[in-house]
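Engineer: Have a look at this one.
Please treat every number below as a calculation from the coordinates, not as lab data. The shown structure was predicted, so the numbers you read here are calculated from the model rather than taken from an experiment. With ideal geometry, Cβ positions are generated from the backbone for all residues, glycine too; neighbour counts draw on all protein chains shown.
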Amino acid sequence: MNTIQLTIQAVTPGPDPSIVDLALAPAPWKPKPGQFVMLRPANFGQELTWGRPFSIYRCDEAGLRVVFQVIGRGTERLAALRPGDAVTVWGPLGRGFQTKPETPTLFLAGGIGLAAFGLFAEEPFRLPHAQLLFGHRLPLTAYPIYHEMAQRIPCEAMRQTSSADIEAFSEELSRRIKALGPEGLVLCCGPTPMLRAVARLCLEHGVPGQVSLENRMGCGVGVCLGCVATTASGERVQTCVHGPVFDVRALTWD
Amino acid sequence: MDTTVHLPGLTLKNPIIPASGTFGYGLEFARYGDLRRLGAICVKGLSLKPREGNPMPRIAETPCGMLNSIGLQNVGVDVFLQKKLPFLPPEVPIIANLYAQSPEEFAELAGILGAKERIAALEVNVSCPNVRLGGVQFGQDPEALHTVTRAVVAAAQGKPVIVKLSPNVTDITAMARAAEAAGATMLSLINTLTGMAVDIRTRAPRLATGTGGLSGPAIKPVALRMVHAVCRAVSIPVIGMGGIVSAEDVLEFILVGASAVQVGTASFMRPDRVFSLVDEVQALAEDLGISAWEEFRGTLKETPR
Ligand SMILES: Cc1cc2nc3c(=O)[nH]c(=O)nc-3n(C[C@H](O)[C@H](O)[C@H](O)COP(=O)(O)OP(=O)(O)OC[C@H]3O[C@@H](n4cnc5c(N)ncnc54)[C@H](O)[C@@H]3O)c2cc1C
Ligand SMILES: Cc1cc2nc3c(=O)[nH]c(=O)nc-3n(C[C@H](O)[C@H](O)[C@H](O)COP(=O)(O)O)c2cc1C
Ligand code: FES
């Protein structure tokens, strides 16, 4: 069914060891960009309760790949896995990005949110008129997947280490979104303040936009009701099934 | 072995029931297993009107468990009856979990649900720690519990009424007796234990409501103690729950006297867990040489050996 046991093929920490590339055995799935999986390795034991959600960076005959940043106890245990270890995986989950090949599309990635765009570098999801702008705090070399993606998608990166950099990045976001206009499409995945800023800009300039939320998740399948987002009509919907990707007009942003 | 469990007015293929609030309306799990294989399905707590629940964040992971303060977000009984119930496979008994804020509302809800052929039993949630009205919860006062139970039993159209007990009391056996005296067909326990988690960096609680309900393996010893005590205090069947994640856990609850079990938080550890437990419980029982549940249920020896 949709819960499977996969073995680890490789755990590859990047030049910055807090960014880890996890390669698992192939999964019999055809996920869409923006969809995610829940991972729960055997080393969670009973101590860690929930699986952890990660964007599907790649899913093909070579295997299932996710790329993550180590930020807490779950990601620490994932980073400590070794080839051959077992991971329970369920997915592919959620609704991904809705795109059209002819639309000029701007991918806006913040930090590890970059991984959500991985499948757009693969067929059949490559978009002829897409560009990616990547905002990052760690040095660009910390993100080997950026260079991998840049071979397939026109990519630019801007680093933020100071408040002046952050200011410059938000000005760039504003300029790009305005320039794209209502015929284009913005897709964004990154930290919440970035999602908020991008959503506001899209609404202000009448540019269609979709954002991928990274709410904390308990189950990933729509039943714990711990991941809900509030829609524009005031309804609370599960991010794991109605999202994680939402049209910016569908949510409240206050 | 024959894994059938015979309860008053309710027959289960096996003792495994997904617990309310951890299995949605059942349909969410159709892609993770065959719903017809479950003993029964207990759906998310239903109220007369839809509820949006408490503010976010409302879940926090804690060692060997989690806290939740969902506050009974649900689609309401009408949407459940129109859009969910008809799509559940007829081979599996459906237990409706009821939440209301007064005995009158409980009775109204019980009347609506009890009249539906597809509803096999009603489970009364008098113990949700996340919603309070007028200070006391029904589940913390024997008299209030008696009143609510009577109201539901009278309105239930003859359907079995399961009263779900709260562990957040000094003496759970007093509550159990009150529910039994008021005509409850069965009891289920335990609901979540009130708990708290805080963040020393932000100096804020991790749940927007401050406190929430603890579930998962962390509560199993408490649950087992309470199920054991309640089974000796009443003569109606008891459905045990609290921290069950393995076949061993299931048999432990049956050993102390439970007739069946509910499995909650374990479904968050992997969504197919209740389905695999059905097979694992049967295999383990056969390994132990059990041929019918009656041979094993409540046979705990009173001294360690
Ligand atoms: C759909 C989706 C896709 C994701 N894709 C990726 C991905 O591709 N790569 C990646 O690195 N991460 C991704 N994430 C985030 C990732 O799931 C979390 O970083 C991870 O679950 C953290 O687990 P942990 O046990 O290490 O942290 P914890 O120990 O649970 O938490 C560490 C700290 O981070 C905070 N925290 C944890 N999770 C969240 C959250 N969701 N929102 C806000 N604060 C949080 C905690 O409060 C705590 O302070 C995704 C999340 C979602 C919902
Ligand atoms: C997220 C969540 C939501 C819950 N919602 C309900 C509910 O609506 N009604 C109810 O009676 N119990 C509810 N419960 C309690 C469970 O049914 C169960 O009693 C409790 O979690 C203990 O079992 P467990 O340790 O196996 O999870 C909920 C529990 C969780 C974790
Ligand atoms: S993570 Fe449980 S409902 Fe979304």
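Engineer: Which entries in B:K159/B:K301; A:K32/B:K116; A:K32/B:K84; B:K13/B:K84; A:K30/B:K49 show an alpha-carbon gap greater than 29 Å?
Structural biologist: The pairs that break the limit, which is 29 Å between Cα atoms, are B:K159/B:K301; A:K32/B:K116; A:K30/B:K49.
Engineer: Once you have a ≥ b ≥ c as the square roots of the Cα gyration tensor eigenvalues for segment B:5-295, tell me rounded if a/c is under 1.5, and otherwise prolate or oblate according to whether a/b is larger than b/c.
Structural biologist: Note, shape of segment B:5-295 comes out rounded.
Engineer: On full extension of the chain, what length is gained from B:A208 through B:R37, given 0.36 nm per residue of separation minus the C-alpha to C-alpha distance?
Structural biologist: Working it through step by step, the gained length comes to 57.8 nm.
Engineer: For B:D199 paired with A:I166, estimate the spin-label separation in nm (one decimal), with each label point 7 Å from Cα along the Cα-to-Cβ line.
Structural biologist: That separation, rounded to one decimal, is 1.6 nm.
Engineer: Go ahead and estimate [θ] at 222 nm for the protein assembly as shown from helices alone: -39,500 (n - 2.57) per DSSP H run with n ≥ 4, summed, over the residue count, rounded to 500.
Structural biologist: Calculated mean residue ellipticity at 222 nm is -7000 deg cm²/dmol.
Engineer: Here's another thing I want to ask about it. Based only on other Cβ atoms within 10 Å, what is the fewest-to-most ordering of B:I239, A:I71, B:I290?
Structural biologist: A:I71, B:I290, B:I239
Engineer: Could you list, bin by bin from short to long, the percent of Cα-Cα pairs of segment A:3-93 in 10 Å steps?
Structural biologist: It works out to 18, 56, 25, 1, in whole percents.
Engineer: Something else: Please report the antiparallel percentage of DSSP beta bridges with both residues in the protein assembly as shown, rounded to the nearest 5.
Structural biologist: 55
Engineer: Give me the dipole magnitude in Debye, nearest 20, for segment B:192-288 about the Cα centre, with unit charges on the beta carbon: positive for Lys and Arg, negative for Asp and Glu.
Structural biologist: Taking the Cα centre of segment B:192-288 as origin, the dipole is about 700 debye.
Engineer: Nearest 20 debye, what's the magnitude of the dipole of segment B:1-93 about its Cα centre given +1 on Lys and Arg Cβ and -1 on Asp and Glu Cβ?
Structural biologist: It comes to approximately 180 debye.
Engineer: OK, next. Return P(r) of segment A:105-212 (all Cα-Cα pairs; 10 Å bins starting at 0; whole %; ordered from short to long distances).
Structural biologist: The distribution over segment A:105-212 is 15, 51, 31, 3, given as percents.
Engineer: Further question on the same structure: Charges only on Cβ, +1 for Lys and Arg, -1 for Asp and Glu: so what's the dipole of chain B about the Cα centre, in debye to the nearest 20?
Structural biologist: The calculated dipole for chain B is roughly 680 debye.
Engineer: While we're on this one: As an exercise, find the ratio Rg/Rh for the protein assembly as shown from alpha-carbon atoms, using the Kirkwood inverse-distance average for Rh.
Structural biologist: 1.01
Engineer: What distance in nm lies between label points placed 7 Å from Cα along the C-beta direction at B:V79 and A:Q131?
Structural biologist: Calculated label separation equals 4.2 nm.
Engineer: In nm, give the distance between the simple-model label positions of A:E47 and A:T230, each being 7 Å from the Cα along the Cα-to-Cβ direction.
Structural biologist: Roughly 3.7 nm, to one decimal.
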